[in-house]
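Only one structure is covered here, and it is reproduced in the block below.
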Amino acid sequence: SRVIDSARIRADFPLLTDSDLCYLDSAATTQKPQAVIDALSRYYQQDNANVHRAAHRLSRQATEAFEQARERVQRFINAAHSSEIIWTRGTTEGINLVAHSFGQLAIAAGDEILISELEHHANIVPWQLLAQRSGAKLRVIPIRDDGDLDLEAFEALLNPRTRLLALTQVSNALGSVNPIETMIEQAHRVGAKVLIDGAQAVSHFPIDVQALDCDFYLFSGHKLYGPTGIGVLYGKQALLSVMPPWQGGGEMIERVSFEASSFQPPPFRFEAGTPNIAGAIGLATAIDYLESFDRRQRLRHEQQLLNYAEQQLKLVPGLQILCNPGQRIGLIPFVIEGLHNFDLGALLDQQDIAIRTGHHCAMPLHQRLGLDGSARASFGLYTTKQDIDRLVQSLLNLLAPETSSDDCDSTSPQRP
Ligand code: PMP
């Protein structure tokens, strides 16, 4: 496997090498390596055809590449069967699929859906809508002041009416890592199913869905060095095979008549219409790219970078890093006294430094923290210490007390 050398890795990413951009927004979306860009254009130049339909050679070729991509994802998260891998547009669509299909199967009035105060809106709103449709109740695991989930409150919330625990593995706003292994076990003990939002986790941790024993796992390709518009829903075979379809159309049916239709088994039952074929192939290439690096080395490197960033950012006067969770990965959330995060984002942008500011699709979390927003610097494989130094230096310059330029300007009139 390749050695982690961010400066060299950077050369794989054309958008970063062809500009002076200091990109610290990888939690929103990662940049794409040349290998992924090449896979997309190669597909359109050489293999483009619709899948699972025609008898012709090109269609067979595209179908094969598309299904191989599914198997690549299966290996990536160690799913037992490739039919447990469903292509979606992204994490958001996957959660909506589960809310509709599993919701129809298993959630009725009086049932409880458990989420946490840390969730991205994508893991809040679909459950709120389901609760409204079904009469189920949405319950929320609170966080403590350090940003970690209140696990005692979690245990107290679990009960035989809990049908589903829908939880993020890593918070997109705080970077905190939830102890999902034990939480999955505890939820299963009361008979609940568990959905894990892996959007912020997959680019950092190795994922083994069988070891986790979660019922659903979701992620987006674009946060994993892959294309936008493609994502994955993993579901346990036994569950998927009894879940009803959520969108109807071509590809997902066995037979159609005007009286009734019958449906394909998973995964096709959940993939109505022409899928994002190039996206799936691009995602498989991104996984190959990510896994060309040693996992342990990658994690160590990221942790070192994070520690360095934390250390350096603490030198900025008035800067407060949010919360202090037991484990953090991939990003640092902060606020600066007397400087609104919107202004901060705009000022840094003028220097070609890209960070995320605002509520990061986690309004309830910010409410809990008593903030109307925050700033977030987030990191990828290509992030270097120099990126962090540049951010810190810019912040120091921005916040430096207005030194009267007169003092060192010899042309200005001397003061008495
Ligand atoms: N969950 C988390 C934790 C996220 O960070 C994001 C993306 N910001 C999403 C869900 C939604 O992902 P997407 O927009 O790719 O569907």
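The values are calculated or read from the model by the stated rules, or taken from the named source; none is laboratory data. Remember, predicted model here, so these are calculated numbers, not experimental data. Every residue, glycine as well, gets a Cβ built from its backbone with ideal geometry; the counts of neighbours run over all protein chains shown. Surface accessibility is based on the protein's heavy atoms, side chains included, excluding ligands, DNA and RNA. Shrake-Rupley method; radii C 1.70, N 1.55, O 1.52, S 1.80 Å.
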For this session: Would you kindly find the accessible area of Thr274, with a 1.4 Å probe and non-protein molecules such as ligands, DNA and RNA excluded, rounding to the nearest 10 Å²?
Result: 80 Å²
Problem set entry | Nearest 10 degrees, 0 to 90: helix 91-106 Cα axis against the chain principal axis | 40 degrees
Exercise. Which ³J(HN,Hα) values, rounded to whole Hz and listed in residue order, are derived for region 68-75 from phi using the Karplus coefficients 6.51, -1.76 and 1.60 in 6.51 cos²θ - 1.76 cosθ + 1.60 with θ = phi - 60°, glycine and proline given as x?
Worked result: 5, 5, 4, 5, 5, 5, 3, 5
Exercise. Using the C-alpha atoms of region 294-382, what convex hull volume per residue, in cubic angstrom, is computed?
Worked result: 114 Å³
Exercise. Do the sum for the chain: with -39,500 (n - 2.57) for every DSSP H run of n ≥ 4, divided by all residues, what is the mean residue ellipticity at 222 nm, to the nearest 500 deg cm²/dmol?
Worked result: -11000 deg cm²/dmol
Exercise. Once you sort the root eigenvalues of the Cα gyration tensor of region 226-344 as a ≥ b ≥ c, which label holds: rounded (a/c under 1.5), prolate (a/b larger than b/c) or oblate (the other case)?
Worked result: prolate
For this session: Find out how many positive minus negative residues lie around Ala28, taking Lys and Arg as positive, Asp and Glu as negative, among other residues whose Cβ is under 12 Å from that of Ala28.
Result: +2
For this session: Project the alpha carbons of region 120-243 onto their principal axes and report the range along each, largest first, in whole Å.
Result: 40, 39, 30
Problem set entry | Around Asp215: net Lys/Arg minus Asp/Glu count, Cβ-Cβ under 12 Å | +1
Problem set entry | Folded to 0 to 90 degrees: helix 277-290 orientation relative to the chain principal axis, Cα | 50 degrees
Problem set entry | trypsin sites (Lys or Arg not before Pro) within region 51-102: DSSP coil, no more than 16 neighbouring Cβ in 10 Å | Arg53
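Once Rh for region 36-93 is found with the Kirkwood sum over Cα pairs, what is the Stokes-Einstein diffusion coefficient at 25 °C and 0.890 mPa s, in µm²/s?
My calculation gives 194 µm²/s for D.
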Problem set entry | Close Lys-Lys pairs in the chain, where close means Cα under 26 Å and separation is 8 or more or interchain | 9
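Mean 1/r over all different Cα pairs, inverted: what Kirkwood radius does region 1-138 give, in Å? It would help to have the intermediate numbers written out before the result.
On the way: mean 1/r = 0.0526 Å⁻¹.
The answer is 19.0 Å.
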For this session: Would you mind telling me the antiparallel percentage of the DSSP bridges in the chain, rounded to 5?
Result: 55 percent
For this session: Could you give log10 I(q)/I(0) at q = 0.11, 0.12, 0.13, 0.14 Å⁻¹ for the chain, computed by the Debye formula over C-alpha point scatterers of equal weight, without solvent?
Result: -0.86, -1.01, -1.15, -1.30
For this session: Please return the longest stretch of the chain lacking exposed loop sites, where GluC sites (Glu not before Pro) count only if DSSP places them in a loop and at most 11 other Cβ atoms lie within 10 Å.
Result: 1-258
Seminar exercise, completed: Taking every other residue with Cβ under 15 Å from the Cβ of Ala106 and scoring Lys and Arg +1, Asp and Glu -1, one gets +3
Exercise. From the phi of every residue in region 9-18, what ³J(HN,Hα) in whole Hz does the Karplus formula 6.51 cos²θ - 1.76 cosθ + 1.60 yield, where θ is phi - 60° and glycine or proline is x?
Worked result: 4, 3, 5, 7, 10, x, 5, 8, 7, 8
